[in-house]
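Only the coordinates and a few stated rules stand behind these numbers; no lab work does. These figures come from a predicted structure and were not determined experimentally. Note: ideal-geometry Cβ built from the backbone for every residue, glycine included; neighbour counts use all protein chains shown.
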Ligand code: NAP
Ligand code: G4F
């Protein structure tokens, strides 16, 4: 049998880059889609030194004809649908565009694959955001969904579409319900990277302070490099099934900041409450973190903690990187850039 061909949508994103790197080591041919392939700064692929090892196709996942064409051009075995408007805050400002990309495009993929003569496996990037305002200590595959943003509702639509196509047409289509996963390749708009870049910039004098929103939100943060392995394992599984992928631990944004300042040996103290809460650098006496209303969301997800026992049992998957190692990895990488 020849090399397997994997199509990765959103290869220019954090997960797309790590997944491409992982699949190359498994000897796959990688077709990556990028809606702006002319750009020369596909920085994540460059960082992983794989920019010349993947085939890039210019493709916006909302362009149906282009999607059809890609299946005519390549004999694709596995599709990893990672392309999305993935920033929750921005989904409140652009709910319709978010839903077209995150909900309608996965449905379009399912329709196209259903009409192919060859069997093609499909992975959908589902999210813990679908659990939203849950009432559980830990969330697993049986926890009810209660999305709290247009991002969450769009991903829930896609999740149920995958389930429906699997049952109705016996397709090998699965969703990975991934909890937050971060890395030095994380976008700068997400909280962990905003903190790691912000603090290292403050140390090198490039930035004075960081402005944040809800620092009491809790997330189950893992390392993206560990999570892409789970995506692949789901498509190698005997039966198509959905899995929760998480670490089983959670921490608040404030705890992430405290861990980061500890690694950086910054002597700091929190003062004030609510919108007046601030983090002071005790050596310079300057405010380095303050709260700004602008960064709060109309509705937020207060706490997420995943139960990944089904993935552990059936896929033999487990996270390899803990919270402290993740914060250290991100801080060290940003210190190196500064
Ligand atoms: P990311 O870094 O934001 O990457 C998203 C990718 O989607 C980017 O390459 C982006 O391209 C592309 N994209 C957006 N709109 C597109 C369109 N209309 N056509 C084609 N490509 C488009 O996100 P990520 O962290 O890697 O996450 C990957 C997937 O997992 C996403 O679906 C996300 O919703 C989901 N997810 C992520 C997490 C997490 O914690 N990271 C957790 C659960 C689920 P541009 O560079 O052109 O914008
Ligand atoms: O880093 P965040 O923007 O990630 P969020 O909203 O949890 O979404 C990420 O994880 C999801 C999985 O659960 C993915 F599906 C999604 O695509 C994305 O990757 O925010 C984390 C928390 C939120 O509660 C937010 O309100 O941090 C809080 N926060 C407080 N201040 C902030 C800020 N978030 C950002 N981005 N920027 C702030 O200034």
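Would you please give the FRET efficiency between residue 249 and residue 72, computed as 1/(1 + (r/R0)^6) with r the Cβ-Cβ distance and R0 = 56 Å, to the nearest 0.05?
0.80
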Problem set entry | Footprinting exposure proxy for 283, 111, 57 (fewest neighbouring C-beta atoms within 10 Å first) | 283, 111, 57
Exercise. Any idea what the relative contact order of the range 211-321 is, in percent, if you count C-alpha pairs under 8 Å spaced at least 6 apart?
Worked result: 40
Exercise. If one takes the longest principal axis of the Cα atoms in the chain, at what angle in degrees, from 0 to 90 and to the nearest 10, does the Cα axis of helix 224-236 lie?
Worked result: 20
Exercise. Mean separation of Cα pairs under 8 Å and 6+ residues apart, divided by the residue count of the range 84-220: what relative contact order is that in percent?
Worked result: 25
Problem set entry | Cα gyration tensor, the range 18-98 - rounded (a/c under 1.5), prolate or oblate | oblate
Problem set entry | Relative packing of 186-196, 220-230, 15-25, which averages over residues the other C-beta atoms within 10 Å, highest first | 220-230, 15-25, 186-196
Exercise. Using alpha carbons only, how many degrees (0 to 90, rounded to 10) separate the axis of helix 191-204 from the longest principal axis of the chain?
Worked result: 50
For this session: Express the relative contact order of the chain as a whole percentage, based on alpha carbon pairs under 8 Å and six or more residues apart in sequence.
Result: 17
For this session: Quick one: go through the range 1-44 and flag any residue whose amide nitrogen is under 19 Å from the point 7 Å out along the Cα-to-Cβ line of residue 65.
Result: 34-37
Problem set entry | Least to most buried among 183, 175 (fewest other Cβ within 10 Å first) | 183, 175
Exercise. Say a paramagnetic label sat at a point 7 Å from the Cα of residue 286, along Cα to Cβ; which residues of the range 252-270 have their backbone N under 11 Å from it?
Worked result: none
Seminar exercise, completed: With 0.36 nm assigned to each residue of separation and the Cα-Cα distance removed, residue 332 to residue 267 gains 21.6 nm
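Grab the beta carbon distance between residue 204 and residue 299, set R0 = 35 Å, and tell me the FRET efficiency rounded to 0.05.
Efficiency at R0 = 35 Å is approximately 0.45.
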Exercise. Quick one: if the Förster radius is 35 Å, what FRET efficiency do residue 241 and residue 38 give, using the C-beta to C-beta distance and rounding to 0.05?
Worked result: 0.35
Exercise. Once the Cα atoms of helix 64-73 and of the chain are each reduced to a long axis, what angle between those two axes, in degrees from 0 to 90 to the nearest 10, is obtained?
Worked result: 60
Seminar exercise, completed: Rounded to the nearest 500, the 222 nm mean residue ellipticity computed for the chain from DSSP H runs (n ≥ 4, each -39500 (n - 2.57)) alone is -11000 deg cm²/dmol
Exercise. If the chain between residue 276 and residue 312 were fully stretched, how many nm would it gain, using 0.36 nm times the residue separation less the Cα-Cα distance?
Worked result: 8.7 nm
Seminar exercise, completed: Taking alpha-carbon centroids only, the range 112-180 lies from the range 38-61 a number of Å equal to 27
